[in-house]
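Input: a single structure, listed below in structure tokens.
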Amino acid sequence: MADVSMEKIVQLCKSRGFVFPSSEIYGGFAAVYDYGQLGVELANNIKSAWWKAMVQYRSDVVGLDSAIFMSPKVWEASGHVTGFSDPLAECKSCHARVRVDHLLEEIGVIADEKMSEEQINSLFTENMAKVACPKCGKHDFSPAKSFNLLVKANLGNFTNDLTREPVYLRGETCQGIYVNFANVLTSSRKRVPFGIAQIGKAFRNEITARQFVFRTREFEQMEMQYFTHPDQEMVEYERLRQLRWQYYLDLGIKAENLQWHKHENLVFYAKEAYDIEYRYPFGFTELEGVHARGDYDLTQHSKFSGTMLDYTDPVTNEKYTPHIIESSVGVGRTLLAVLVDAYTEEEVEGEVRVVLKLPKALAPMKIAVLPLSKKEELQGPANNILTSLKRNWMVDYDETQSIGKRYRRQDEIGTPYCVTVDFETLNDQAVTVRDRDTMAQERVAIVDLENYFKQKLA
Ligand SMILES: [Zn+2]
């Protein structure tokens with residue numbers, strides 16, 4: 001059970017430099033967050049773990065980094081210009097704007113994002129007495145209206161004519177993968193089945209961004225699109241589902257905090273859709289989507305672009321449009337799950353010790369170097385150790401306050417090892433290494449430190 005509250009996580013993130021509200025000195029900017037000095041390290045480690053699992057360790061997947069701006073035609077072809085919308089209603093007493101699908105979800109009624117405005121409104125009317133305004137608690141709302149989620153921009157528009165066709169900041173990274181299918185196929189000489197993976201920013205005009213970095217208007221996605229023969233789609237889909245489940249276990253996420261959720265209302269082209277859900281403090285909800293999308297994406301882009309995105313098997317000469325299975329997860333959602341999963345409070349000598357039991361590969365700082373006192377005779381050797389270890393790892397340095405307080409600070413940010421330089425060091429050329437999880441300490445010669453950590457952090 002995730003027994004940490006969101007308040008504690010948000011507070012830790014702010015006070016220790018994982019996540020800051022955007023533009024805070026200007027009063028903040030809703031639903032956008034900045035990653036601080038530790039957050040950027042954690043996020044980079046998460047992205048690196050994902051890239052290794054999805055690209056580096058595989059020979060059937062290649063990477064891509066497509067641009068945030070794309071031809072507006074892409075979003076027409078994908079259906080985002082007409083269909084990518086959230087149902088919004090207004091509370092008649094306090095005028096708060098609410099997401100109707102979220103209100104319905106809270107009372108167990110599912111309003112799928114692909115439902116028409118009419119369908120959602122009939123569900124909404126039926127259940128209006130049961131849903132309350134989150135602001136004032138009343139039960140009287142305007143009808144739901146669809147609000148498109150794409151974020152518009154004026155890139156390349158050098159007139160003041162706002163009626164010109166807008167361009168969009170991409171609403172998802174996978175469209176960049178679909179439109180590069182032929183480029184990658186030709187230049188990489190891959191054969192179906194193969195995949196293209198991408199990590200990058202995406203933007204959505206979410207009406208009610210919720211739960212800290214869980215749902216934000218600017219966010220980063222990690223997506224892998226896998227192209228298969230139509231007959232192999234479901235076989236590969238099952239395989240991908242197993243791989244993605246195992247990925248989270250390998251990442252160090254506790255199995256009891258994960259579950260599968262099967263989508264009941266599928267979009268018309270989808271074969272099957274599952275989410276991997278994580279037990280956040282606000283309940284089990286989507287961490288990753290693993291979906292079988294059929295041939296919809298390549299067919300749409302073939303139709304709209306006039307370029308046939310099909311594949312001819314070099315052995316059988318069979319020509320077909322590959323079907324796509326996808327794995328899609330947010331960096332922010334993963335980061336939040338990782339923090340919640342790692343957060344631990346222990347009682348040590350009558351005091352509460354907060355420890356982030358992060359997997360070593362994800363920890364922002366791997367080692368902290370702590371001279372026992374600020375005396376110059378200790379600063380010299382401590383700095384030499386810092387400089388030498390920094391060549392291999394992110395290493396923190398802290399010489400303020402008592403050693404006990406400094407250990408607690410490192411525990412709180414998940415640093416696996418602390419190296420203490422004390423007066424004995426001057427005689428024995430050795431340091432004390434403390435383990436975050438067991439708090440056990442051992443004496444290690446300075447000359448052996450690099451190899452010691454190479455083993456411990458392998
Ligand atoms: Zn209200």
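Observations
- Between PHE282 and ALA445, the contour length at 0.36 nm per residue exceeds the Cα-Cα span by 54.0 nm.
- All-pairs alpha carbon distance profile, the range 184-314, 5 Å steps from 0, percent: 2, 8, 14, 18, 21, 16, 11, 6, 3, 1, 0
- Among HIS95, HIS229, HIS261, the sequence by solvent-accessible area, most first, with a 1.4 Å probe is HIS95, HIS261, HIS229.
- Each residue of the range 100-106 was assigned a 3J(HN,Hα) from its phi angle through the Karplus curve 6.51 cos²θ - 1.76 cosθ + 1.60 (θ = phi - 60°); the sequence is 5, 5, 5, 4, 5, 4, 4 Hz, with glycine and proline shown as x.
- Phi-based couplings in Hz for the range 305-311 (Karplus 6.51, -1.76, 1.60; Gly and Pro marked x): 8, x, 9, 5, 9, 10, 9
- A 1.4 Å probe, protein heavy atoms only, puts the accessible area of ASP65 near 130 Å².
- Computed label-point distance, nm, for sites SER48 and ALA270 using a 7 Å Cα→Cβ extension: 3.4
- Less than 5 angstrom separates the built amide H of LYS92 from those of ASP140, PHE141, SER142, all sequence-distant by 5 or more or on a different chain.
- Using a probe of 1.4 Å on the protein chains alone, the accessible area found for ARG239 is around 110 Å².
- Cβ-derived FRET efficiency at R0 25 Å, THR387 paired with ASN427, nearest 0.05: 0.70
- Against the chain, whose longest principal axis comes from its Cα atoms, helix 6-16 is set at around 60 degrees.
- Phi to ³J(HN,Hα) by Karplus 6.51 cos²θ - 1.76 cosθ + 1.60 over the range 33-42, Hz, x for Gly, Pro: 10, 10, 8, x, 4, 8, x, 5, 5, 4
- Tail beyond 18 Å, pair distance distribution of the range 85-148 (Cα, percent): 23
- A simple spin-label model places the labels of HIS95 and LEU249 5.4 nm from each other, with each point 7 Å out along Cα-to-Cβ.
- Sequence-distant residues sharing a close amide H with GLY195 (under 5 Å, placed H): VAL61, VAL62, PHE227
- Our summary of shape: the Cα atoms of the chain have principal axis extents of 77, 66, 50 Å, ordered from largest down, in whole angstrom.
- Think of it this way: in the chain, CYS13, CYS174, CYS418 stand alone, with no other Cys Cβ under 4.7 Å.
- Accessible area of GLU377 (1.4 Å probe, protein heavy atoms only, ligands and nucleic acids ignored): about 100 Å².
- For the range 112-217, the per residue solvent-accessible surface stands at 54 Å², with DNA, RNA and ligands left out and a 1.4 Å probe.
- Taking TYR248, TYR33 and ordering them by how much accessible surface each has at a 1.4 Å probe, largest first, produces TYR33, TYR248.
- Pairs from LYS271/LYS319; LYS374/LYS456; LYS8/LYS357; LYS14/LYS357; LYS254/LYS405; LYS92/LYS152 whose Cα-Cα separation, in the structure shown, is over 23 Å: LYS374/LYS456; LYS254/LYS405; LYS92/LYS152
- Accessible area, probe 1.4 Å, largest first, for residues LEU457, LEU155, LEU372: LEU155, LEU372, LEU457
- Sites SER59 and TYR26, calculated FRET efficiency, Cβ-Cβ separation with R0 41 Å, nearest 0.05: 0.25
The values are calculated or read from the model by the stated rules, or taken from the named source; none is laboratory data. Keep in mind that what you see is a predicted model, and the values were worked out from it rather than measured. Counting neighbours? That spans all protein chains shown, and the Cβs are built from the backbone with ideal geometry, glycine included. Heads up: the accessible areas ignore ligands, DNA and RNA and are worked out on the full protein's heavy atoms, side chains in. Shrake-Rupley method; radii C 1.70, N 1.55, O 1.52, S 1.80 Å.
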